[in-house]
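Shown next, in structure tokens, is the structure this report addresses.
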């Protein structure tokens with residue numbers, strides 16, 4: 001199973017402009033993975049594009065956290081109802 005784009009390294013979470021596209025892809029993949037018993041997904045952070053490690057990591061974390069706020073640990077997800 002996988003969603004494949006040829007630019008999955010170049011178009012990563014290190015560029016805020018990619019966040020909406022990547023989050024849509026993850027939001028489509030998560031229910032599909034759950035239906036097929038896949039417990040984990042991998043998100044590519046991509047090239048740093050000249051950013052320092054710290055800035056690149058912070059940018060990636062900000063993108064992912066923008067969607068996880070409604071899914072706190074050990075509670076039910078507001079979107080899918082799963083833990």
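Here are a few things to note about the model shown:
- Here segment 60-79 is the region considered, the condition is being part of a loop (DSSP other than H, G, I, E, B) and within 16 Å of the chain's Cα centre (by Cα), and the residue that is modelled with the lowest pLDDT is 72.
- The residues in segment 7-16 that are surrounded by fewer than 17 Cβ atoms within 10 Å (Cβ to Cβ) and assigned to a loop (DSSP other than H, G, I, E, B) can be counted, and the count is 4.
- Restricting segment 39-59 to residues that are at pLDDT below 90 and over 13 Å from the mean Cα position of the chain (by Cα), the residue that is nearest to residue 8 (Cα to Cα): 47
- Each residue in segment 17-59 was checked for being part of a helix (DSSP H, G or I), surrounded by 13 or more Cβ atoms within 10 Å (Cβ to Cβ) and in contact with a helix residue (DSSP H, G or I) (Cβ under 9 Å, 6 or more places away or on another chain), and 6 of them qualify.
The values are calculated or read from the model by the stated rules, or taken from the named source; none is laboratory data. None of the values given here were measured: they were computed from a predicted structure. Because the Cβ atoms are built from the backbone with ideal geometry, glycine has one as well, and the counts that use them run over all protein chains shown.
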